[in-house]
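Below is one structure, written out as structure tokens, with a few remarks after it.
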Amino acid sequence: MSEPTGLKSWLTTTDHKRIGKLYFWTAFVFFLLGGFEALLIRAQLAKPDNTLISADTYNQLFTMHGTTMVFMALMPLAAAFFNYIVPLQIGARDVAFPRLNAFSYWVFLLGALFMNASWLLPHHPAPDGGWFGYATLTEKQFNPGPNIDFWLLGLQILGIASLAAGFNFIVTILNLRAPGMKMMRLPVFSWMTLVTSFLMITAFPVITVALVFLMFDRVFGTHFYLPQAGGDPVLWQHLFWLFGHPEVYILILPAMGVISEVLPTFSRKPLFGYTVVVYSGVLIGFMGWGVWSHHMFSVGLGPIADSVFALTTMLIAIPTGVKIFNWLATLWGGQIRLTTAMCFALGFIALFTIGGLSGVTHAAPPADLQQTDTYYVVAHFHYVLFGGTMMGLFAGMYYWWPKMTGRLLSERLGLVHFWLMFIGMNLTFFPMHLIGLLGMPRRIYTYSHDLGVDSMNLLCSIGAAMLGLGMVVFVYNMWRTRRHGAVAGPNPWGGATLEWSIPSPPPVHNFDVIPTVTSRVPLWDAPPKPAPPPGHIHVPAGSWWPMVAAAGLPVMALAPLTHTVWIVFVGAAILLFGIYRWAFEPFEV
Amino acid sequence: MTHAAATHHTSMGLDSRKMGFWAFIGSECLLFGSLISTYLVYQGRSVSGPTPAEILNIPVTSISTFDLLMSSLWMVLALAAVQRGDMKWAKVWLLGVAIGGAIFIGFQVYEFTSFVREGLTLQANLFGCTFFILTGTHGAHVTVGVLWMLTLWYRAMRGKLGPEHAMTVEIAGLYWHFVDVVWIVIFTLVYLLHK
């Protein structure tokens, strides 16, 4: 069974491995874009009273940096691994709904392009209300341009991609497991994908509603968040953070899943306390719904609400701490190999723990009131999302790169990359704790020399430059590997899970014969036997219709953007046409 | 597809499309939950009229509610007919569901236009904002359901829907009943318990 090639085969693909690669490269480009925006921010803040970037452009840069990193880089980079790795880990030939999977990708791509198109218009009206877009700053009265419309419509489209992916991976993981792959034998990465998927399908409807209200306020003159008509801007904050806090776990759980694969492989020991790690992940998923108002202590919700949310926030640190100790116990007595993937996984534990601890300091409302809107908060969530999520995702990139491409990344360059990132990350974000406690507010385009934080800000900017350099090394490593990388073979790391039992890169149909699983570490307990030659294997044919249906969404979004009603019917017609052709096309070949 | 689904092994023994649809319904609960919560939070906070007590017409909406509930009964009968291969009655009931849904939408169009005439526009007050978005979102769901039912009916008329598609009809039924249940909640909270 030969793999089809050419542009058409990529545009119509429903193969989870190809969609995973499309997710990876798209998200990686947006990661570089978001990183470039961060470098511009750090260039502006390198010295006091700098005039390199105007206040307006600075607002756009920090808004788009946050929005891009959360919705167009970190989530879809995790989705790239969901797509590529989960079906392989559970012993399936594809996801449950391959065309819905293609739809998710195209919706994600088009939503991301839609929002970023704002940079290209005259006077670049890019979103400028912060990634959390607090009302009333985002209302027409204070932000009359199209900036916020690009943001809210782009996010609405991106949300649909996440919802579709969530349904798909829930069904895939629950229903397409190989014989013998009980839930308690499921690799932890697949478990965390499942928890993340449940969070996506429950959290995204809430922000959908919040954004619909904002859109109606801006386009049709309703008063959802307008105090003069009795509306309440705090409603936005509740809806946004009711989504936003589960979103934090949507970002971190996949990375926790990755390192729960990497640490056992390079310690040559099964994960310590597998059951507890899994249940902790599930518990974090549930508890993630009960902490959102800790983002809102400074609103003044009253002593009871503040106390309850302080308590739930401190409680959620327990399952997180349990996981950290389980990872450390996995290392204990293991045959540790310090590969690049392992270094990033260890970096995750160290940096995520720092971020988690500073998170607990925000859990106390009196302390939080001092920290709100200062660089202390910026330091905290970068330790969690960069030190945590990105370190975990880099570990996954080095770990699964040979599976996805058939070649190993250079370990020498990989370690250079790791140390540049690790040192650069601490240099950039550690001083921000102090800068914040000394009183420098976030989201202000410059600061005065009199604040006394010049040298620490310069240090942050030097660290950011190191991070940029680290990414240059990484990109070179990936480019170089195409020709010069060592051939990986099926299982270069001696991994224990099913993805390592098949060739690298895997054939179109993944498994010649669907394996039967008898253990949590199938490859360590029973090495794969030579399989009998396969019979005829059904592989889903490609389809244009997911992409056509996806194209209807940005067209529909043009209507509120341009205040032209008829466009919405054109977009809806494209969407419906795509869905009908999709529903009634012959599928199996 | 049903044949394929029945023979394909799934880990939970449940059809994948059905499982995916239940996940979708779970997700929809959060969507309507957010809309309904907002309605309740903003109840009685409008700074000007018209108020729900002045404008809501419970007798008329009771009729459309009855119509929508009956369409759920017809949905049950349509699925039963498809499952036993009685395509004659399946066509009748599927068209019945679609017409029942269309009548509900007709009532809603009448309700919205009469409200606007009486001064309750989308922009009039917080009640207008929350009422129109909540019931409008529900109405959009009914409209999608009507299109879905008409599609199934059309395929049945062309002989392309048979007992082997019972799962397809069952999933459409899940959607229809869910939209109905949401309306029962909305009718109770917005109309019957209005302040």
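Overview of values
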read-out	value
Residue A:335-residue B:154 pseudo-label distance in nm [points 7 Å out on the Cα-to-Cβ vector]	6.4
FRET efficiency for residue A:56 and residue B:185, using Cβ-Cβ distance with R0 set to 45 Å, rounded to 0.05	0.50
Label-point separation, residue A:315 to residue A:298 (7 Å along Cα→Cβ), nm	2.7
Förster radius 60 Å - calculated FRET efficiency between residue B:83 and residue A:350, Cβ distance, rounded to 0.05	0.55
Ranking of A:499, B:28 by count of other Cβ atoms within 10 Å, fewest first	B:28, A:499
Sparse-neighbour loop sites [chymotrypsin sites (Phe, Trp or Tyr not before Pro); region A:24-60; at most 15 other C-beta within 10 Å; DSSP]	none
Normalised contact order of chain A, rounded percent, pairs of Cα under 8 Å and 6 or more residues apart	18
Region B:91-195, relative contact order [Cα under 8 Å, separation at least 6], %	35
Acute angle (nearest 10 degrees) that the helix B:126-157 long axis makes with the longest principal axis of chain B, alpha-carbon atoms	20
Neighbouring partner chain Cβ atoms per residue of B:41-51, average, 10 Å criterion	2
Residue pairs, from the table B:88/B:160; A:269/A:323; A:8/A:403; A:17/A:403; A:8/B:160; A:17/A:182, whose Cα atoms sit over 22 Å apart	A:8/A:403; A:8/B:160; A:17/A:182
Global form of chain B, assessed from the alpha-carbon gyration tensor, a/c cut-off 1.5	prolate
Sites matching chymotrypsin sites (Phe, Trp or Tyr not before Pro) across region A:309-344 that sit in DSSP coil, with at most 12 neighbouring C-beta atoms within 10 Å	A:332
Highest to lowest packing among B:161-169, A:15-23, scored as the average C-beta count within 10 Å	A:15-23, B:161-169
Cα-based shape type of the protein assembly as shown, given that a ≥ b ≥ c are square roots of the gyration tensor eigenvalues and the cut on a/c is 1.5	oblate
Net lengthening on full extension, residue A:518/residue A:563 (0.36 nm per residue, minus Cα-Cα)	10.3 nm
Check: chain B dipole with +1 on Lys, Arg Cβ and -1 on Asp, Glu Cβ, in debye	360
Region A:390-514, dipole about Cα centre (Lys/Arg Cβ +1, Asp/Glu Cβ -1), debye to the nearest 20	320
Rounded if a/c under 1.5, otherwise prolate or oblate - region B:33-76, Cα gyration tensor axes	oblate
Neighbour-limited loop hits for trypsin sites (Lys or Arg not before Pro), region A:103-204 (at most 14 other Cβ within 10 Å; DSSP other than H, G, I, E, B)	A:182
Theoretical gain in end-to-end length, residue B:76 to residue B:9 [0.36 nm per residue, Cα-Cα removed]	21.4 nm
Point-to-point label distance, residue B:53-residue B:110, nm (Cα→Cβ direction, 7 Å offset)	2.7
Neighbouring partner chain Cβ atoms per residue of A:578-585, average, 10 Å criterion	1
Relative contact order [Cα under 8 Å, 6+ residues apart], chain B, whole percent	34
Efficiency of FRET between residue A:538 and residue A:472 - r from beta-carbon atoms, R0 35 angstrom, step 0.05	0.20
Most positive-pole-ward Cα, A:492, A:516, A:579, against dipole of region A:475-579 from beta carbon charges	A:492
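Only the coordinates and a few stated rules stand behind these numbers; no lab work does. Since the model is a prediction, treat every value here as computed from it, not as a measurement. Cβ atoms come from the backbone with ideal geometry, glycine included; neighbour counts cover every protein chain shown.
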